[in-house]
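The structure under discussion appears below in the form of structure tokens.
The values are calculated or read from the model by the stated rules, or taken from the named source; none is laboratory data. Just so you know, these numbers come straight off a predicted model, no measurement behind them. Every residue, glycine among them, receives a Cβ derived from its backbone with ideal geometry; neighbour counts consider all protein chains shown.
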Amino acid sequence: EPGLRDLARPRGLSFGTAVRSEKLASDPALAELVAREADQIVPEWEGKWEALQPERGRFDFGPLREVLDFARAGNQRVRGHALVWHEAMPPWLAPALAEGPTQARQLLETHIATVLGETRGAIRDWDVVNEPISAPPGGDNPSPTDGDLRPTPWLSALGPGYVELALRLARQADPTLRLTLNEFGVYADTPWAQAKRERLLRVVRGLLDRNCPLDAIGVQGHLQMREPFRAEPFVEFVAALRGLGLAVLITEMDVREPDVLASGIEARDAAVAEYAGAFLDAAREGGARTFLVWGLTDRDSWLRVEPGVARGDGEATRGHPYDAELRPKALRARLA
Ligand code: XIL
């Protein structure tokens, strides 16, 4: 039976998933499924600062290498994630960035040069900056300022030029790399998501106006079924990015069900597939060609372990293409 990777390729599409190295090592059935289905894999943790530079100046490529080895064995591509993010920072990093702009710049430069030196050739695209856009008012966690960039230790240390700096350093360290900005919360048909789309577009246009290297935008796609979705504004957004000469990738799709939902597993799975399917169709219509899920199965989903995002009734999430017993669901059929 053909995997999603085989079904995608002849249509000019690519399918993939986030993975964790320890799951690949400890869960052979899951690993086999990932090898069969995914054309690309993304290290769920292994490319973050916490993993790569646990102590200042000490790099650890062990966990990332496990993902790279797995991918090489299965002839899969690997996306890097993420060179700059305000989460998964080792405890020493924020205080070190606060030492001053010269130190902060040096830390960023060393990290990017070291990591890209190590992964050159093996990883052809990286999320250079993850989630740089601020949260508009009206959502759960609005940013305390109304600037387009999220207030983070990076912004505090380096000012609004940090995004451009990171992109330029990445281009310099590995000129063959596809440079991506990755963002969440930009898909729904709500004023909040619309405001966030506008912020992202403004930041991207600013970067391109300054001739900053940038190749792609990652739309994370952590879908929430309680949010209304309408194709038109999202298609328009993806097309606007494509119009700027950028590729658009769906990088982290999964689905959060609202607390109250039709009971019965079949009805739930059908609803998840329908909601996600509308999003996938719109993304394709706008010009996205890469579709990655943030976990292939409910068994290894981050949604079941993150506080606050699992279903309130304590039932396991069903927001991934395969269930906890590794049986394909309606969402898997929708991705094929
Ligand atoms: C998540 C991982 O899946 C979790 O295991 C971890 O605890 C927190 O990070 N957006 C991103 C990803 O860009 O890096 C996040 O991954 C999910 C949200």
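For region 118-170, which residues satisfy the criterion of being out of contact with any His (no Cβ under 6 Å at 6 or more places or on another chain), assigned to a strand (DSSP E or B) and within 16 Å of the ligand (Cβ to nearest atom)? Result: ILE123, ASP125, TRP126, VAL128, VAL129, ASN130, ILE133.
Look at GLU46 and say whether it is within 15 Å of the ligand (Cβ to nearest atom) and under 30 Å from LEU97 (Cβ atoms). It is true that GLU46 is within 15 Å of the ligand (Cβ to nearest atom) and under 30 Å from LEU97 (Cβ atoms).
Of all residue pairs spaced 6 or more apart or on separate chains, those with beta-carbon atoms under 8 Å, a first member in region 153-166 that is under 12 Å from LEU108 (Cβ atoms) and a second member that is hydroxyl-bearing (Ser, Thr, Tyr) and assigned to a helix (DSSP H, G or I) are TRP154/TYR162. Within the set GLU285, GLU252, GLU232, the sole residue that is within 16 Å of the ligand (Cβ to nearest atom) and not in a loop (DSSP other than H, G, I, E, B) turns out to be GLU252. Scan region 184-194 for residues that are crowded, with 19+ Cβ neighbours inside 10 Å and not aromatic (Phe, Trp, Tyr) and jot them down. GLY185, VAL186, ALA188, ALA193, listed by residue number.
A single member of LEU7, LEU13, LEU30 is within 20 Å of LEU326 (Cβ to Cβ), surrounded by fewer than 21 Cβ atoms within 10 Å (Cβ to Cβ), touching a Lys or Arg at 6+ places or on another chain (Cβ under 7 Å) and among the hydrophobic types (A, V, I, L, M, F, W, C), and it is LEU30.
A single member of GLY277, GLY218 is closer than 30 Å to GLN172 by Cα and within 20 Å of the chain's Cα centre (by Cα), and it is GLY218. Out of all the residues in region 215-222, is one or more at pLDDT below 95, buried (at least 19 other Cβ atoms within 10 Å of the Cβ) and outside any loop (DSSP other than H, G, I, E, B)? No, because not a single residue in region 215-222 is at pLDDT below 95, buried (at least 19 other Cβ atoms within 10 Å of the Cβ) and outside any loop (DSSP other than H, G, I, E, B). Restricting attention to region 10-26, the residues that are away from the ligand (no atom under 16 Å from the Cβ) and part of a strand (DSSP E or B) total 2. Of all the residues in region 22-38, those that are touching a residue at least 12 places away in the same chain (Cβ under 8 Å) and either in contact with a Leu (Cβ under 8 Å, 6 or more places away or on another chain) or over 26 Å from LEU83 (Cα atoms) (or both) number 11.
Residues in region 80-99 that are within 16 Å of the ligand (Cβ to nearest atom) and over 15 Å from ILE112 (Cα atoms): HIS86, GLU87, ALA88, PRO90, PRO91. Counting just the residues of region 184-214 that are in a helix (DSSP H, G or I) and acidic (Asp, Glu), which one comes out nearest to VAL42 (Cα to Cα)? Looking at the filtered set, the residue picked out is GLU198. Can you list residue pairs whose Cβ atoms sit under 8 Å apart, with the first residue in region 43-56 being more than 20 Å from TRP294 (Cβ to Cβ) and of a type in the set (Gly, Ala, Ser) and the second being assigned to a helix (DSSP H, G or I) and more than 13 Å from the ligand (Cβ to nearest atom)? Count only pairs 6 or more apart in sequence or on different chains. Filtered contacts from region 43-56: no entries. Which residues, counting only those in region 228-250, are in contact (Cβ under 8 Å) with a residue 60 or more places away in the chain and surrounded by fewer than 18 Cβ atoms within 10 Å (Cβ to Cβ)? ALA247 - this is the single residue of region 228-250 that is in contact (Cβ under 8 Å) with a residue 60 or more places away in the chain and surrounded by fewer than 18 Cβ atoms within 10 Å (Cβ to Cβ).
Residues that are within 16 Å of the ligand (Cβ to nearest atom) and in contact with an Asp or Glu (Cβ under 7 Å, 6 or more places away or on another chain) within region 55-79 comprise PRO63, LEU64, VAL67, ARG79, listed in sequence order. Taken across region 173-183, residues that are within 16 Å of the ligand (Cβ to nearest atom), under 17 Å from the mean Cα position of the chain (by Cα), part of a loop (DSSP other than H, G, I, E, B) and surrounded by 17 or more Cβ atoms within 10 Å (Cβ to Cβ) do not occur at all.
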